[in-house]
1. Which residue, 196, 229, 214, has the largest displacement toward the positive end of the dipole of segment 183-270 when charges sit on each Cβ (Lys, Arg +1; Asp, Glu -1)?
2. Classify segment 55-175 from the C-alpha gyration tensor, please: rounded if a/c falls under 1.5, else prolate or oblate depending on whether a/b exceeds b/c.
3. Can you classify segment 183-270 as rounded, prolate or oblate using the Cα gyration tensor, where a ≥ b ≥ c are the square roots of its eigenvalues, rounded means a/c under 1.5, and otherwise it's prolate if a/b beats b/c and oblate if not?
4. With a 10 Å Cβ neighbour count serving as the proxy for reagent exposure, in which order, fewest first, do 129, 162 appear?
5. Residue 199: net charge of surrounding residues, Cβ under 11 Å, Lys/Arg +1, Asp/Glu -1, itself excluded?
6. Only sites in a loop by DSSP and with at most 15 other Cβ atoms within 10 Å count here; which chymotrypsin sites (Phe, Trp or Tyr not before Pro) in segment 180-278 make the cut?
7. As a footprinting exposure proxy, order 105, 211 by other Cβ within 10 Å, with the fewest listed first.
8. Quick one: compute the contact order of segment 183-270, relative version, from alpha carbon pairs under 8 angstrom and 6+ residues apart, as a percent.
Amino acid sequence: MITNTDVSKTLASRLSPVALAVALTVPVFSNPVIAQDADAAEEQKFEAITVTATKRPQVIYEVPIAISAFDGDKLAEQGISDLTDVGKFVPNLNVTGFSAGHTSSVNPFIRGIGLQDHLITTDPGVSVYVDGVYLGRQVGQNWSLNNIERIEVLRGPQGTLYGRNSIGGAINIITKEPDQGDLTKINTEFGTRGRVKADLFVNHGLTDTLSFNMNMAFNKRDGLGEFINVPDAEYDVGETEDVSGRLSVKWEPSNDFRMVLTADGNNGDGGLRPYTVLIDELQSDRYYGGDNPLGVAL
């Protein structure tokens with residue numbers, strides 16, 4: 001006589017090896033799937049921008065440096081047109097223009113290190129390079145970033161690769177090299193206070209070995225008001241007008257040799273940047289000190 005208990009024991013003894021085999025094989029096959037999904041998610045999390053911060057091409061998240069990089073598409077998407085705009089998107093970077101005068105002059109600071117003066121006897125603490133060429137003065141560093149290849153901001157001392165004037169960090173601007181394609185691109189923007197911004201980019205292949213590209217940019221905005229203490233001022237307070245251009249010619253007779261010649265220029269002016277007056281002018285008949293910081297009449 002076979003009872004229900006005996007049948008259950010017999011069925012369990014037959015299924016146990018099969019169930020055990022399945023239990024042991026499931027983790028073996030599931031681990032690679034999980035690892036592949038994690039790798040795919042990791043690749044989607046980081047945008048694979050190739051940079052040359054270490055003087056050789058590397059994917060940005062493999063560079064052992066605190067670095068931020070933007071390609072040309074990302075610059076256009078964020079509305080970044082010069083170095084002062086880059087400072088709004090990069091941590092530890094502050095770029096300010098001069099209070100008045102040429103619009104191409106800026107003061108870049110990284111982690112609090114930079115140079116406020118622009119005397120010929122002083123050296124900056126942040127180095128700026130354009131296609132590997134060092135810009136030693138702040139005058140001319142506020143480059144137009146329209147239609148460039150990318151910009152790289154390296155934070156922290158970079159003296160090993162970029163010299164003694166990069167104790168705060170370094171900024172690399174890489175322009176687009178000409179190619180054999182034909183491309184013409186025009187962009188215009190309009191805004192308040194008479195703001196007009198326009199840029200033109202042209203790329204053309206002249207022969208099988210010779211090509212060129214050209215970029216022109218114009219940026220203008222009206223001021224906030226007239227100067228009351230400067231007679232016959234040419235510009236209003238906060239007014240800017242800037243014109244810049246770049247021309248590149250590439251000769252590539254073979255796969256082993258190429259030569260690129262680039263010329264660029266900038267002509268910009270502007271009025272004094274507007275400031276907010278926090279207190280009235282100090283009065284000589286009042287005492288100012290730690291116990292009376294506001295100069296209240298005693």
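Each reported figure results from applying straightforward, stated rules to the coordinates on display, with no laboratory input. Note that the structure is predicted; figures quoted are calculated from it, not measured. Heads up, the Cβs are rebuilt from the backbone with ideal geometry, glycines too, and the neighbour counts pull from every protein chain shown.
1. Most positive-ward Cα: 214.
2. Taking the square roots of the gyration eigenvalues as a ≥ b ≥ c, segment 55-175 is oblate.
3. Verdict is prolate for segment 183-270.
4. Final ranking by Cβ density, sparse to dense: 129, 162.
5. That works out to +2.
6. Hits after loop and neighbour filter: 227, 275.
7. Lowest count first: 105, 211.
8. 23
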